[in-house]
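Asks: I am attaching a structure below and will ask some questions about it afterwards.
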Amino acid sequence: MQRGTDLPLSYNAVQILEHNLDARGDKVALLSDERSLTFREVAAEVNRLGNALRGLDVRPGEHVAILAPDSAEWAISFFATLKIGAVHVGLNTLLKPPEYAYMLRDCRARAIIVHEAMLPALEQVRGQLSHLEHVIVVGGTAPPNAHRYDALVAAQPDHLAAEPTHRDDLCTLNYSSGTTGEPKGIHHAHKDLPLTAQLWGVNVLGLHEHDRTFATAKLFFTFGTGGNLIFPWYVGASCVLFAGPPRVAANVIAQIRRHRPTILYNSPTSYAAILAQTELSPEDLASLRLCVSAGEALPAPVWHAWKERTGLEIIDGIGCTEVYHIFISNRPDDIRPGSSGRPVPGFDVRLVDEQGTEVAPGAIGNLLVRGPTTALSYLHQYDKSRQTFRGEWLHTGDKYRVDEDGYYWHCGRSDDMLKVGGIWVAPMELESTLMRHPAVLECAVVGASDQADLVKPKAFVALRPGFEPSEALADELIAFCRQELAEYKRPRWIVFLPELPKTATGKIQRFKLRG
Ligand code: 3UK
């Protein structure tokens, strides 16, 4: 399968789960510390939840959000939503209530499946969500204006006919951050899911039914949804779902020891964090045959340190939510450490200058990509959509160069956006948060490299009269950001300056601060 037109017109991506029923119904489909389920058990619960959602009058094309840690319920909610022709919205569990309010209003979510631990965040903004009729709570007890997941599912039959969706019907929505901090909603169609599984998961990675996948990238991120749910089930393999925080390296190692995955999807930051664990022994990772890295560039020193310590080679590839998954990639038998590899067959890439002309060989250009899984637009963002989705070509916002052997090397972004641990940080959002602190007169946030050569936010701050630079004040500013924003967005360093460097017209000269 190379194109969406290779699929029948009427196609529902629940097939990715259900094709396993005849071939391997009793095989374990997912493992987790809480529940392990076979394909047959997953499919039955998908049908029960699908019946429950239909019973709540959720119609094809309506949005059903999920705000929950990686779990059996997350995977089941995903396929139940697709099966009834509704659109799944995977929400980042690390965000704050105003961001949930924005996203749920933007897509007019009709129902949300929320884990009890995240219910308080939703409750804070529920009054602003006039389209949100149904709240379904996983775990714990549901308040009077909500349903319990367990009770809903228990009351339903386990047979359900799939909505005969068109292969081009939209089925997923993910939010990606923009430079102004305003999230951009990206829809994908049913056809995109099997295509991306085939083009990268099978053709490049060589995934097969005896694999078992595990990802530190969570399911709300398409790197995780693809790598740790869609691709394994597409080939009849199993996935390991971990509800806890992946930032803690010891957790990641414990999961690998317990559930013995063969494939690990991870971010460069997390590879560096695992390497920093002094007690890592080779047996800890003995089950792994392949390691994948994406989300931000993997520095060559991290690649070599991992190989030396574990014997394993990391496959780095660049993907983006607009394309759903990876489109330039290294391969198991073809790796150039430090590069993103070569274009994935099925995708074409170009490097162009500001006028749209191809750059000279070896020169840095703006990366454009064309492929059969690219989204069509950003929800409710006309101008931004026209700038990014230009005909068949997607403008990624990345700067790249290609070497004489055809390997692509990441050279930064053309906007100010930062990738921190594989997740977006908009400097502007961090700056406007810092500006709300009474001590801050002006500030600018740029990316700076840590010891592993990975980018983290660094804030330059000029103080109001009456405030003096001190370590205590720096700590206070970082704590303030932690409280106002998702934790990963906080600045790791604060540098106090008497004033920020500016142009004659008063614009902050960020390039002078990047140094
Ligand atoms: C950056 C990389 C260098 C790059 C993603 C794999 O990251 C994913 O999606 P997002 O929409 O961000 C996309 C942007 O992230 N990036 C991603 N991978 C790499 N830069 N080397 C890499 N290997 O700026 C890109 O434009 O959050 C990654 C699969 C699915 C995904 N959604």
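Asks: Can you confirm whether the range 283-292 contains a residue that is part of a loop (DSSP other than H, G, I, E, B) and within 16 Å of the ligand (Cβ to nearest atom)?
Replies: no
Asks: Of all the helices (runs of 4 or more DSSP H) wholly in the range 1-104, which have at least 1 residues that are in contact with a Lys or Arg (Cβ under 8 Å, 6 or more places away or on another chain)?
Replies: Filter on the range 1-104 gives 20-24, 39-55, 72-83.
Asks: Here are some residues: 409, 424. Which one is open to solvent by 40 Å² or more (accessible area, probe 1.4 Å), hydrophobic (A, V, I, L, M, F, W, C) and modelled with pLDDT of 95 or more?
Replies: Going through 409, 424 in turn, the sole match is 409.
Asks: Out of all the residues in the range 272-279, is one or more open to solvent by less than 30 Å² (accessible area, probe 1.4 Å), under 17 Å from residue 331 (Cα atoms) and either in the same structural domain as residue 174 (by TED's automatic domain parsing) or in contact (Cβ under 8 Å) with a residue 60 or more places away in the chain (or both)?
Replies: The answer is no, given that none of the residues of the range 272-279 is open to solvent by less than 30 Å² (accessible area, probe 1.4 Å), under 17 Å from residue 331 (Cα atoms) and either in the same structural domain as residue 174 (by TED's automatic domain parsing) or in contact (Cβ under 8 Å) with a residue 60 or more places away in the chain (or both).
Asks: Are any residues in the range 386-406 near the ligand (Cβ under 10 Å from one of its atoms) and on the phi > 0 side of the Ramachandran plot, and if so, which ones?
Replies: The answer is 397, and nothing else.
Asks: Something else now. Considering every residue within the range 407-414, establish whether at least one is within 9 Å of the ligand (Cβ to nearest atom) and over 24 Å from residue 264 (Cα atoms).
Replies: Yes.
Asks: So which strands (runs of 3 or more DSSP E) stay within the range 109-192 end to end and still have 3 or more residues that are touching a residue at least 60 places away in the same chain (Cβ under 8 Å) and within 16 Å of the ligand (Cβ to nearest atom)?
Replies: Because the criterion is at least 3 residues that are touching a residue at least 60 places away in the same chain (Cβ under 8 Å) and within 16 Å of the ligand (Cβ to nearest atom), the strands (runs of 3 or more DSSP E) in the range 109-192 that meet it are 170-176, 184-189.
Asks: Let me ask another. Suppose we filter 356, 346, 391, 362 for residues that are surrounded by 15 or more Cβ atoms within 10 Å (Cβ to Cβ) and either of a type outside the set (Lys, Arg) or modelled with pLDDT of 95 or more (or both); which single one remains?
Replies: Checking each option against the conditions leaves just 346.
Asks: If the Cβ limit is 9 Å and pairs must be 6+ apart or interchain, which residue in the range 248-262 that is closer than 23 Å to residue 210 by Cβ pairs with which residue that is aromatic (Phe, Trp, Tyr) and open to solvent by 20 Å² or more (accessible area, probe 1.4 Å)?
Replies: 252/242; 255/242; 259/242
Asks: Does the range 454-464 contain at least one residue that is over 30 Å from residue 220 (Cα atoms), among the hydrophobic types (A, V, I, L, M, F, W, C) and open to solvent by 30 Å² or more (accessible area, probe 1.4 Å)?
Replies: no
Asks: A further question follows. Residues that are out of contact with any Cys (no Cβ under 9 Å at 6 or more places or on another chain), of a type outside the set (S, T, N, Q), surrounded by 22 or more Cβ atoms within 10 Å (Cβ to Cβ) and in the same structural domain as residue 140 (by TED's automatic domain parsing): does the range 20-38 have at least one?
Replies: Within the range 20-38, none of the residues are out of contact with any Cys (no Cβ under 9 Å at 6 or more places or on another chain), of a type outside the set (S, T, N, Q), surrounded by 22 or more Cβ atoms within 10 Å (Cβ to Cβ) and in the same structural domain as residue 140 (by TED's automatic domain parsing).
Asks: Quick one: in the range 296-342, which of the residues that are surrounded by fewer than 19 Cβ atoms within 10 Å (Cβ to Cβ) and part of a strand (DSSP E or B) is nearest to the ligand (Cβ to nearest atom)?
Replies: For the range 296-342, the residue satisfying everything is 331.
Asks: (1) away from the ligand (no atom under 13 Å from the Cβ); (2) open to solvent by less than 20 Å² (accessible area, probe 1.4 Å); (3) assigned by TED's automatic domain parsing to the domain that holds residue 478: which one isn't true of residue 438, the others all being true?
Replies: So residue 438 meets the others, but not (2).
Asks: Still on this model: Can residue 377 be described as open to solvent by less than 20 Å² (accessible area, probe 1.4 Å), away from the ligand (no atom under 12 Å from the Cβ), closer than 18 Å to residue 183 by Cα and not assigned by TED's automatic domain parsing to the domain that holds residue 483?
Replies: Taking the combined requirement at face value, the residue does not satisfy it.
Asks: A further question follows. Could you figure out which of (1) touching an Asp or Glu at 6+ places or on another chain (Cβ under 9 Å); (2) at pLDDT 95 or above; (3) hydrophobic (A, V, I, L, M, F, W, C) isn't true of residue 94?
Replies: For residue 94, the exception is condition (2).
Each row is one residue, and each column tells you yes or no for (1) open to solvent by 20 Å² or more (accessible area, probe 1.4 Å); (2) of a type outside the set (Gly, Ala, Ser); (3) not assigned by TED's automatic domain parsing to the domain that holds residue 59.
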position	(1), (2), (3)
104	no, yes, no
109	no, no, no
116	yes, yes, no
150	yes, yes, no
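Asks: Can you pull out the residues in the range 345-366 that are in contact with a Lys or Arg (Cβ under 6 Å, 6 or more places away or on another chain) and β-branched (Val, Ile, Thr)?
Replies: 364
The values are calculated or read from the model by the stated rules, or taken from the named source; none is laboratory data. Just so we're clear, the structure is a prediction, and the values are computed from it rather than from any experiment. We place every Cβ from the backbone using ideal geometry, glycine too, and count neighbours over all the protein chains shown. Ligands, DNA and RNA are stripped out before the accessible areas are found, and what is left, the full protein with its side chains, is counted by its heavy atoms. Shrake-Rupley method; radii C 1.70, N 1.55, O 1.52, S 1.80 Å.
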